[in-house]
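Asker: I have a structure here, written as structure tokens, and I will follow up with some questions on it.
The values are calculated or read from the model by the stated rules, or taken from the named source; none is laboratory data. If you're wondering where the values come from, they're calculated on a predicted model, not measured in any experiment. Don't worry about glycine lacking a Cβ; one is built from the backbone with ideal geometry, like all the others, and counts go over all protein chains shown. For the accessible areas, the whole protein counts, side chains as well, though only heavy atoms, and no ligand, DNA or RNA atoms are used. Shrake-Rupley method; radii C 1.70, N 1.55, O 1.52, S 1.80 Å.
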Amino acid sequence: MNKNFLYKLLNARGVSGSETPVEKIVYEYVQQFADKVDVDVMGSVTATINPEVPFKVMLAGHADEIGLRVTHIEDNGLIRVSRVGGIYATAFPGHKVVIDTAGGPVYGAVLTDRQLVTDGNMGADKLRIDIGAKTGDEAREYVSIGDPATFDTNYRELLGDRMTARAFDDRIGVFVVMEALRLAKEQGAVIGVSASATVGEEVGAFGAFFAASAVKPAIGIAVDVTYATDTPFTDPAAAGNVVLGGGPVLCKGPGIPNTVNECIEASADALDIKLQYEVSGGRTHTDGDSITRTNSGVPFTVLSIPLRYMHSPAEVLSLSDVEKTVELLAGFLCDCSANMNLKPFG
Ligand SMILES: [Zn+2]
């Protein structure tokens, strides 16, 4: 496993709308093996192998992460924020954060108070970031309205093959799609394959719409994280029993053609990789929902890495799941052929 690339992705910050630091890491990394690398106007990077082949599979992992954005600076120097994506506001009080400003990172502490953290309905409007400024004017010298902020955390290796980090959702998806592309090329895939590090998934998946509209894939695969249900306060009956270390998770849902899933299952069988399953009742809340609506419609599925404590500053996953997902996708890309029939009948 190329941990150097993974660690670089995890160290970078990319709140939705401010993904450029993540995209630049991807752009630099894929030059070694991609036949073509594109950056679109929204900032998503798409790396392609065999670009001359019209039959393309598109893999998408989203580069953005949830976080905060500065809305107001009080005269006492405290910074007010709004949410970006599905944050838990209660996760922030008492935590260190970093605001990315035009002049570089500005560090802060989020105001905490016993009454505040016991308010289950607390929203981002209650958060105040203390950057050490004594007055509003001093704070305004450093921080501007619209600057993004996120938890000031680092990754850590845990016992066995487990790791904790902020924004595994979906930095790990970006890692998987780019590594699967590299491996598919090494293993001699003959179809066209594009891997995109998309922007804006957490706020409506618009980056994937731009990227897929340009790629025009025959099949789309969103690679994201999904809720592991092997810890307290989770329910395997809600959407499927998903355990850390249990392997890649394939999504079944009304918008996902069985034929695409059957191809993935055949490749998993051939590689002796065990799959887990999750069920989506409608939209998958991934880039797949956007990819499928591009051009004349794109059959898609979602392949996920099990994740504990999603959208917290300390998400946890198993690296064996990551390795198996890369291996499975590369195998699938090599098994694909331009004359695949994806119709259920007829
Ligand atoms: Zn995600």
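Asker: With a cut-off of 8 Å between alpha carbons and a minimum separation of six or more residues, what is the relative contact order of the chain in percent?
Answerer: 22 percent
Asker: Measure nothing fancy, just the Cα-based angle from helix 258-271's long axis to the longest principal axis of the chain, in degrees from 0 to 90, nearest 10.
Answerer: 80 degrees
Asker: Enter the angle in degrees (range 0 to 90, nearest 10) between the Cα long axis of helix 206-215 and the first principal axis of the Cα atoms of the chain, meaning the one along which they spread out most.
Answerer: Once rounded, one gets 30 degrees.
Asker: Can you give me the distance in nm between label points at VAL190 and THR20, each placed 7 Å from the Cα along the Cα-to-Cβ direction?
Answerer: Label at VAL190, label at THR20, 4.3 nm between them.
Asker: Would you grab the residues whose amide H sits under 5 Å from the one on GLY245? Only those 5+ places off in sequence or on another chain, please, with H modelled 1.01 Å from N.
Answerer: Distant-sequence amide H within range of GLY245: SER318, ASP321.
Asker: What FRET efficiency comes out for the pair SER320/HIS72, r = Cβ-Cβ distance, R0 = 45 Å, nearest 0.05?
Answerer: With a Förster radius of 45 Å, E is 0.50.
Asker: OK, next. Any chance you could run the full-extension gain for ASP125 through ARG140? It's 0.36 nm times the residue separation minus the Cα-Cα distance, nm to one decimal.
Answerer: Full-extension gain reported as 3.5 nm.
Asker: For the range 67-151, with the dipole built from +1 on Lys and Arg beta-carbon atoms and -1 on Asp and Glu ones, taken about the Cα centre, which of VAL97, GLY86, PHE151 lies farthest toward the positive end?
Answerer: Farthest towards the positive pole: GLY86.
Asker: Also, quick follow-up: What dipole magnitude, in Debye to the nearest 20, does the range 68-126 give about its Cα centre under +1 on Lys/Arg Cβ and -1 on Asp/Glu Cβ?
Answerer: Roughly 160 debye, rounded to the nearest 20.
Asker: For the range 12-149, with only Lys/Arg (+1) and Asp/Glu (-1) charged at the beta-carbon, what is the dipole magnitude about the Cα centre, in debye rounded to 20?
Answerer: Computed about the Cα centre, the dipole is about 360 debye.
Asker: Could you give the length gained on full extension between LYS274 and ASN341, defined as 0.36 nm per residue of separation minus the Cα-Cα distance, in nm?
Answerer: Taking 0.36 nm per residue and subtracting the Cα distance, the gain is 21.6 nm.
Asker: Assign one of three labels to the chain, namely rounded, prolate or oblate, based on the Cα gyration tensor with a ≥ b ≥ c the square roots of its eigenvalues; rounded applies when a/c is under 1.5, prolate when it is not and a/b is larger than b/c, and oblate otherwise.
Answerer: Prolate is the answer for the chain, as a/c is 1.5 or above and a/b outweighs b/c.
Asker: How much of CYS336 can a 1.4 Å solvent probe reach, expressed as accessible area in Å² and rounded to 10?
Answerer: 0 Å²
Asker: Net charge near GLY85, counting Lys/Arg +1 and Asp/Glu -1 over other residues with Cβ under 10 Å of its Cβ?
Answerer: Computed value for this residue: -4.
Asker: Let me ask something additional. So, taking all protein chains as they sit and a 1.4 Å probe, how much accessible area belongs to SER16, in Å² rounded to tens?
Answerer: Accessible surface of SER16 is approximately 10 Å².
Asker: I would also like to ask the following. Distance between the C-alpha centers of the range 160-205 and the range 7-79? Whole Å please.
Answerer: 11 Å
Asker: Under a 1.4 Å probe, what is the accessible area of the range 199-346 per residue, stated in Å²?
Answerer: On a per-residue basis, the range 199-346 sits at 42 Å².
Asker: If you don't mind, another one. Please report, as a whole percent, how much of the solvent-accessible surface of the chain comes from carbon and sulfur atoms (probe radius 1.4 Å).
Answerer: Carbon and sulfur atoms account for 52 percent of the accessible area of the chain.
Asker: Where does each of TYR227, TYR29 land when they are ordered by accessible area, with a 1.4 Å probe and the largest first?
Answerer: Result, largest first: TYR227, TYR29.
Asker: Decide, for the range 67-151, between rounded, prolate and oblate: order the square roots of the alpha carbon gyration tensor eigenvalues as a ≥ b ≥ c, take rounded if a/c falls under 1.5, and otherwise choose prolate if a/b is larger than b/c, else oblate.
Answerer: prolate
Asker: Also: Roughly how many Å² is the accessible area per residue of the range 67-151, as a whole number, for a 1.4 Å probe?
Answerer: 52 Å²
Asker: So, one more: Placing +1 at every Lys and Arg Cβ and -1 at every Asp and Glu Cβ, with all other atoms neutral, what dipole size does the range 16-70 have around its Cα centre, in debye to the nearest 20?
Answerer: 40 debye
Asker: Separate question: So how far apart, in nm, are the two label points at ASN2 and LYS36 if each is 7 Å from Cα heading toward Cβ?
Answerer: Result: 2.0 nm between the two label points.
Asker: Another one. Say the dipole of the chain comes from +1 at the beta carbon of Lys and Arg and -1 at that of Asp and Glu; which of PRO217, THR20, CYS334 then lies farthest toward its positive end?
Answerer: PRO217
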